[in-house]
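Quick note: the coordinates plus some simple rules give every number you see, no bench work behind them. On a predicted model such as this, the values are computed, not experimentally measured, just so you know. Every residue, glycine as well, gets a Cβ built from its backbone with ideal geometry; the counts of neighbours run over all protein chains shown.
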Amino acid sequence: MKRIANFLFEAGMLKRTPRTGFQFLGSGAESVAEHIFRTVYIGYTLGHLAKNVDRDKLIKLCLFHDLPEARTGDLNYVNKKYVTADEKKAVNDLAETLPFGEEIRGLVMEFMEGKTLEAKLAYDADQLEIILALKEYKDLGNTYADEWLSFAAKRLQTDIARQLSQTILETDSSLWWFSDKSEWWIKGGKEHNKNQKKKKTRKHN
């Protein structure tokens, strides 16, 4: 149990490990844990869109794909020109301490090798998370984000991810919450509460 407790503390380090690419983008900040969080949702989504996929494995691949960064830190594309992180050693050292370590090792290695359909979709989920973040910053006026988007889109390996990427690029990142340009944005909750009271009064009458 002590080793499992250590593992959970280690996983918590991902909340405090920054994604370093944003320093070159010039705006934004994100932890590795925040990146993993949305990557898992993307993987879940791709698992439903794609055919003949082991969804459970795909979600696990997304969940564990950046776990070694708790020990190595995050290296962006500039860092990787000069520095090599030994992610295999990081995951091997962790796996040796856990009763379920072999499963984690297998998942991380499968992601790194990128040969199975699930690994390719997990890789694409990782890239789509970057694409979503870049689109959000582009919509907020970051002029560098557009060029970064073109490179990220070219990394995608599956047709379903490319289709989703194209839709993401064509969609305003605020549309999910700001598509209804109604009087709500003027009167807000007060108008809503008045309407609710009117409905209750009609029911009683």
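Quick notes on this one:
- Ordered by the number of other Cβ atoms lying within 10 Å of each residue's own Cβ, fewest first, Glu129, Glu30 fall into the sequence Glu30, Glu129.
- 3J(HN,Hα) along segment 163-176: 4, 5, 4, 4, 5, 4, 5, 8, 10, 5, 5, 9, 4, 5 Hz, from the Karplus curve 6.51 cos²θ - 1.76 cosθ + 1.60 with θ = phi - 60°, whole Hz, x for Gly and Pro.
- About the centre of its Cα atoms, the chain shows a dipole size close to 1340 debye [charges on the beta carbon of Lys, Arg (+1) and Asp, Glu (-1) only; nearest 20 debye].
- Likely footprinting exposure, Ile168, Ile186, fewest C-beta neighbours within 10 Å first: Ile186, Ile168
- Positive end of the dipole of the chain (Cβ unit charges, origin at the Cα centre): among Ile186, Ala161, Thr143, the Cα lying farthest that way belongs to Ile186.
- GNM result for the chain, Cα springs below 10 Å: residue of Tyr77, Tyr44, Tyr137 fluctuating most strongly: Tyr77
- Taking the C-alpha atoms only, the angle from helix 55-64 to the longest principal axis of the chain is near 70 degrees.
- Size of charge dipole - segment 95-151 - debye, nearest 20, with Cβ of Lys, Arg +1 and Asp, Glu -1, no other charges: 120 debye
- In the chain, the longest principal axis of the Cα atoms and the axis of helix 145-154 are about 60 degrees apart.
- Segment 6-82-segment 113-149 distance, computed between alpha-carbon centres (Å): 12 Å
- Karplus (6.51, -1.76, 1.60) ³J(HN,Hα), θ = phi - 60°, over segment 125-135, in Hz, Gly and Pro reported as x: 4, 4, 6, 5, 5, 5, 4, 4, 5, 5, 5
- Percent of C-alpha pairs per 5 Å bin, the chain, short to long: 1, 7, 12, 15, 16, 13, 10, 7, 6, 4, 4, 2, 1, 0, 0, 0
- Ascending count of other beta-carbon atoms within 10 Å, so fewest first, for Glu147, Glu69: Glu147, Glu69
- Distant-in-sequence amide contacts of Ser31, defined by a placed amide H-H separation under 5 Å and a gap of 5 or more residues or a different chain, comprise Arg19.
- Residue among Phe7, Tyr44, Gly106 farthest towards the positive dipole end of the chain, charges placed on Cβ: Tyr44
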